[in-house]
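Engineer: Got a structure here, written out as structure tokens. Questions coming.
The values are calculated or read from the model by the stated rules, or taken from the named source; none is laboratory data. As the structure is a prediction and not an experimental result, all values here were calculated from the model. Neighbour counts run over all protein chains shown; Cβ positions are idealised from the backbone, glycine included.
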Amino acid sequence: MTTPRRQIKLGAFLMATGHHVASWRHPDAQADGGINVAHYRKVVETAEKAKFDLVFVADSPAGWPRAKDREAQQRSSQGAHFEPLTLWSALSQVTSHIGFVATASTTYEDPYLLARRFASLDHLSGGRAAWNVVTTGADVSHNFQIAGHPAHADRYARAEEFVDLVLDLWDSHEDGAFPRDKDSGIYVDLDRVHQLNHKGTHFSVRGPLNVPRPVQGHPVVVQAGASEPGRRLAARTAEMIFTANQTLEDAQAFYADVKRRLPAYGRSPDQLLIVPGIFPVLGGTEAEAQRNHEEIQNLIHPAIAWEILTRHYQGRDLSGYSLDDRAPPLPESTELNKSRLTLVSDLVSRGNLTLRQLYLAVAGARGHREVVGTPEQIADAMQQWFENGAADAFNIMPPVLPRGLDDFVAEVVPILRRRGLFREEYEGPTLRENLGLQRPENRFAARRGISAAE
């Protein structure tokens with residue numbers, strides 16, 4: 001019996017109008033995309049028709065951090081978009097196979113309410129929900145009843161307890177806990193319902209959850225932190241990890257490091273998928289692709305350019321510099337998104353960039369890999385990383401929506417299929433089935449020695 005060929009998994013990482021910071025100004029962009037459900041429906045249906053595994057939206061509990069400069073504030077498109085679980089609940093009703101990944105914070109959310117919402121989405125979608133676990137680097141404590149923004153180590157300590165608690169809540173009803181037997185009059189089997197009685201450092205939760213066990217057992221758990229605490233959390237709890245890498249060597253090192261951690265937690269390498277982002281700029285020729293890239297780069301307003309630089313230099317006064325001066329070294333990473341600042345710092349030192357080159361380098365993909373070229377070159381780049389220990393899947397980051405996704409689906413996906421690297425049809429109706437991930441055993445049932453099938 002032959003072993004099926006390993007194939008790429010694909011996610012569509014959707015920013016409202018596209019990933020480029022100036023995408024909303026592009027002639028092909030849906031400028032009001034962030035609050036236009038018809039727009040999101042179109043791009044999600046495009047991704048499902050192409051047999052993508054999932055769609056993903058990033059999110060912050062208080063919106064995206066605002067620029068301090070008023071002119072930059074009024075030119076930014078990042079302040080108006082749907083709350084992701086609400087959006088995905090609506091779009092789950094007009095799709096049948098594609099998975100929905102929503103971001104939710106362990107720093108500013110409540111475990112019980114989060115577990116309830118994601119369990120509900122999993123039932124609404126027939127088993128297609130996923131939670132992107134974030135600890136929230138930006139200080140948004142001013143909008144919450146919290147005594148200041150926790151330090152990096154404290155956020156991850158809270159996240160460790162938070163994730164375990166959510167997993168327990170999803171398991172607080174075993175499979176078959178609701179027989180709803182009209183003849184006997186038994187609606188719920190109390191032997192299969194469990195209180196947690198959790199009393200930890202950060203949370204005290206009795207349980208059980210008031211939503212039955214999710215269709216997938218647990219919604220797929222995704223994580224995006226690349227710091228040391230983030231890697232530990234991902235190796236212990238995550239099933240996908242979104243990452244940003246610029247070079248094959250860096251991607252291979254990250255892939256190997258995270259995979260080697262799994263046995264310590266009783267896990268195998270195939271239980272965690274490594275998913276780098278890729279920002280593809282397409283053209284019929286290399287020259288056309290470069291022109292397309294330059295077209296959108298030229299839409300960046302100077303106020304936005306300086307805001308990008310100020311953010312990466314963590315508020316440092318850059319008034320003595322011109323955009324054509326060499327970029328000074330970035331300051332040591334503070335509490336704000338350590339892993340991403342490290343990545344950009346490496347980009348500066350490796351490329352010996354000017355300030356102009358720096359903001360242009362991060363204006364589109366924010367540190368993720370940019371590939372500008374023909375459809376064949378985009379496919380080549382993906383194949384190289386996939387076949388050389390750098391990726392199990394890719395998050396496609398269209399520069400402009402909807403065109404960027406339309407072009408990728410029409411021009412790159414057929415090449416991947418011809419090479420046998422991407423599916424023709426879905427493997428099943430749930431996200432876990434399509435990703436090749438096992439449905440988790442209910443931990444309470446396991447303690448009682450009862451299989452999920454009983």
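Engineer: Quick one: which residue in Glu441, Glu376, Glu424 is loosely packed, with under 15 Cβ neighbours inside 10 Å and within 26 Å of Gln297 (Cα to Cα)?
Structural biologist: When all the criteria are applied, what remains is Glu376.
Engineer: I've got another one for you. I'm told Asp380 meets every condition in (1) in contact (Cβ under 8 Å) with a residue 12 or more places away in the chain; (2) in the same structural domain as Phe13 (by TED's automatic domain parsing) except one. Can you identify the failing condition by its number?
Structural biologist: (1)
Engineer: If you don't mind, another one. Looking at segment 1-50, which of its residues are touching a residue at least 60 places away in the same chain (Cβ under 8 Å), within 22 Å of the chain's Cα centre (by Cα) and assigned to a helix (DSSP H, G or I)?
Structural biologist: Ser23, Gly33, His39, Lys42, Val43, Thr46, Ala47, Lys49
Engineer: Let me ask something else about it. Pick out the one residue from Gly266, Gly277 that is within 18 Å of Asp346 (Cα to Cα) and assigned by TED's automatic domain parsing to the domain that holds Ala391.
Structural biologist: Details: Gly266 fails: within 18 Å of Asp346 (Cα to Cα).
When all the criteria are applied, what remains is Gly277.
Engineer: Restricting to segment 290-305, give me the number of residues that are touching a helix residue (DSSP H, G or I) at 6+ places or on another chain (Cβ under 6 Å) and of a type in the set (S, T, N, Q).
Structural biologist: So the answer is 1.
Engineer: Take residues that are hydrophobic (A, V, I, L, M, F, W, C), at pLDDT below 95 and farther than 16 Å from Val220 by Cα and tell me which of the helices (runs of 4 or more DSSP H) falling wholly in segment 391-454 contain 2 or more. Step through it out loud before you land on a result.
Structural biologist: Values: elements: 403-411, 413-418, 431-435, 443-447.
Where helices (runs of 4 or more DSSP H) fall fully within segment 391-454 and carry at least 2 residues being hydrophobic (A, V, I, L, M, F, W, C), at pLDDT below 95 and farther than 16 Å from Val220 by Cα, they are 443-447.
Engineer: Restricting to segment 91-118, what's the tally of residues that are over 20 Å from Ile146 (Cβ atoms) and among the aromatic types (Phe, Trp, Tyr)?
Structural biologist: So the first thing to find is which residues in segment 91-118 are over 20 Å from Ile146 (Cβ atoms), and the list is 91-102, 116, 118.
If we keep only those that are among the aromatic types (Phe, Trp, Tyr) as well, we get 100, 118.
Selection size over segment 91-118: 2.
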